[in-house]
Amino acid sequence: MRRITKYPSIIVVSILLCLLSQACNKSEERNFKIQFDSSKKVSGQKFAIKDISPGLETDWSGYNFVELEMMSTTSQRFQVGFTTDEGYNEIRVMSYLPNGWMKLAIPLRFYTELPDAANDIAGTMNQPRYSGWFNLGGERGPLTGVDSIGIRMHVPIGNPTIELRSISLHVNDPGDEYLGDIPVVDEFGQSNLVDFKEKIKSLEQLKFEWKMEEEALDKVEDFNYSKYGGYLNAQVEGTGFFRTQKVENTWWFVDPDGHQFLSLGVDCIAPGSGGNVNRLDKRTNFIKQAPPEGHGLNLDNPNTVSFGTWNLFRRFGEDYVFKSQDMIIDRMSNWGINTIANWSSREIINMNKKPFMLQLYDLGIDEGVMGLADVYASDFETKIDKVVRETVYPYKENPWLIGYFTGNEPSWLGQESRLCDLILEVQENKPIKEVLKQYLAEGDTPERRKEFIYNTFKIFLQTVESSVRKHDPNHLTLGIRFGNIPEDGILEICKEVFDVFSFNCYELTPPKELMDRIMNVTGLPMIIGEYHAGTVDRGMAQALVQVENQKERGVAYRLYTEQAFDHPGLIGVAYFQWPDQDLTGRGYDGENYNCGLVDVTDRPYKYMVNAIKETAKSLYDVHSQNLEAFDQKPLNPCGYGPIPDLWNE
């Protein structure tokens, strides 16, 4: 018989009190759950902070971070805001961890201060963390009298939920933390936290799908293209290089052999991209199985792995670099894409098998403020001339080059007065600061501030353009890819400098009235340098323009692209981008959009490919006004603009 030891009564009482305390604590751990309603354009809920974290201070002035312990069933972006004495203030949040509990630390300066003055819009507005990333917006103001938190979502997909179980304040960065047990990224670079119909579950399955694609690429598609991608049935004078020409009141590119040409391009064309997982030193339990050394695992940077590279090796073997480049060209030919657009691989460009566009770099923008170079420096013109000469020299006689972009999405546009303040606050006595001080000494008004910035910008453009014309008179100047269509004053400056006016536009359809204004003011043909659509089924954020599913991405592509070329002044587009972005965020700003034509496993999105083919076959007739542009809208589209006010309905 086993002997039973009897505990003293005081120990029994202590045990009972302990168990009772644990039960009470568990009962106090309430999860505050939001069930988003997909039948509504905006859905969300507010909670009193005292109910979530009793005793939390309402004056947050002495703190630098708020940390949320939460879980979302979707990677779809949502707004997180706080009600203060000054009103309601929010930012956008994108989570890398759908279906995973996490701690997400948000710097409070995002709510109280204007964004730092980066060179372009993405660098200004996007802010990376480790378990998610932010896009800044909303109102700025002091965080006093903070009494509630609001979480809302614009056009939620699939009735998702968000649970919130604690809010805490910190002076120092508490860091982000993934609290789940399941690794975030699987052995193929896909999200391990979501499932979807096309998901790769084995290497055998992946190899079979690769083989099926290769067989499909063998089928010849007819787009009526010339050697350079122009239209065989539309011939004008050829000069040996790309140029522009208006034919019967409609603008066209003209390819080197004289065929009328419409640029159907894609940005960021490169093999093995979109598969990086970085900052692993800050991310616990993020990858299930690392790629092997030399084929995705970089010993020089052990905090970053590339599943995109590893998958290409698994597909093509040791010769994957060259074979993957050939695959890209084969895909472009089969799909009807005739242009390698901005930010693309120089290795792909230098194959000289498809027309391409180039971005000019090192023009003094990185040394400036908000993307405005110091044109008043004594050596500015000399530096520009040297950089331009070195950039264009290798391509001066290359007939495959269409032309050069001067810049991308300057962030100062519309913030000229703030830009002047930032210049005046620069510690060192830069020439631009001294010239501005002298200029404003004769009168400091918003109008004069804008005039100064415009004049400075004009000098910059004229200096760059002069060097390009000097060192490469054969190719076109394609403009600055503005993030917003600027005022007429900027258009007038561009009119005197560029051959083509370019802008990026993330909308459901291009803004035809604004395009008319560009044409009327500048008289130039136009390029749309970036646009796209995405969704949330792959565990990535849904891109700047959201649609319901992968099929609707194809619908969105056809709608936007054909509506763009329906305009007589539009001669080129570039879809952003070739691969999906990194699942856990690109290194410099955290973006992780499902916007690609090709996923991390090197498989094309079939609905996108079919849409591109159909579009490519119709563009000549659409642009010639012989065919109605595609006008079907995708299901549940949603842009990145202001969200309707849910709280005051």
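Listing for the model above:
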| read-out | value |
| --- | --- |
| Gain in span if fully extended, Ser39 to Ser168, counting 0.36 nm per residue against the direct Cα distance | 43.2 nm |
| Reference-scaled alpha-carbon Rg (2.2 N^0.38 Å with N residues) for the stretch 374-416 | 1.55 |
| Three-way shape call for the stretch 125-242 based on the alpha-carbon gyration tensor, with the a/c threshold at 1.5 | oblate |
| Whole-number percent relative contact order across the stretch 28-178, with pairs defined as alpha carbons under 8 Å at least 6 apart | 43 |
| Relative contact order (%) - the stretch 484-610, alpha-carbon pairs under 8 angstrom, separation at least six | 23 |
| Residue (of Ile612, Asn520, Leu570) at the positive-pole extreme of the stretch 490-649, dipole from beta-carbon charges | Ile612 |
| Burial ordering of Asp147, Asp222, fewest other beta-carbon atoms within 10 Å first | Asp222, Asp147 |
| Alpha-carbon Rg/Rh ratio, for the chain, with Rh computed the Kirkwood way | 1.02 |
| Rg and Dmax of the stretch 322-377, Cα atoms only, in Å | 16.3, 49 |
| Relative contact order for the chain, counting Cα pairs under 8 Å that sit 6 or more residues apart, in percent | 15 |
| Estimated dipole of the chain in Debye, rounded to 20 [Cβ of Lys and Arg +1, of Asp and Glu -1, Cα centre] | 1840 |
| In sequence order, calculated HN-Hα J values of the stretch 518-535 (Karplus, 6.51, -1.76, 1.60; Hz; x Gly/Pro) | 4, 4, 5, 7, 8, x, 9, x, 10, 10, 9, x, 8, 6, 5, 8, x, 8 |
| Formal net charge of residues neighbouring Lys211 (Cβ-Cβ distance under 12 Å; K, R +1; D, E -1) | -3 |
| Value of [θ]222 nm, deg cm²/dmol, for the chain, DSSP H segments ≥ 4, -39500 (n - 2.57) each, nearest 500 | -9000 deg cm²/dmol |
| Surface/4 estimate of mean projected area, convex hull on alpha-carbon atoms of the stretch 28-178, nm² | 8.7 |
| Net charge of neighbours whose Cβ lies under 13 Å from the Cβ of Lys199, counting Lys and Arg as +1 and Asp and Glu as -1 | -3 |
| Debye-sum result for the stretch 248-357 in log10 I(q)/I(0), which assumes one identical scatterer on each alpha carbon, at q = 0.17, 0.22 Å⁻¹ | -0.87, -1.17 |
| D_trans [Stokes-Einstein, Kirkwood Rh over alpha-carbon pairs] for the stretch 579-649, 25 °C, 0.890 mPa s, µm² s⁻¹ | 156 |
| Using θ = phi - 60° and Karplus 6.51 cos²θ - 1.76 cosθ + 1.60, couplings along the stretch 613-629 (whole Hz; Gly, Pro as x) | 4, 5, 5, 4, 6, 9, 5, 4, 5, 5, 5, 7, 6, 9, 8, 5, 5 |
| If the convex hull is drawn through the Cα atoms of the stretch 104-193, its volume per residue in Å³ | 177 |
| Per principal axis, descending, Cα span of the stretch 166-220 in whole Å | 62, 24, 16 |
| Cα gyration tensor, the stretch 455-585 - rounded (a/c under 1.5), prolate or oblate | prolate |
| Lysine pair count for the stretch 28-178 [Cα-Cα under 21 Å; pairs on different chains or 8 or more apart] | 6 |
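Read-outs throughout are calculated quantities, based only on the coordinates presented, and are distinct from any laboratory measurement. It should be emphasised that the depicted structure is a prediction, and the values quoted were computed from it without experimental measurement. Backbone-built Cβ (ideal geometry, glycine too); neighbour counts: all protein chains shown.
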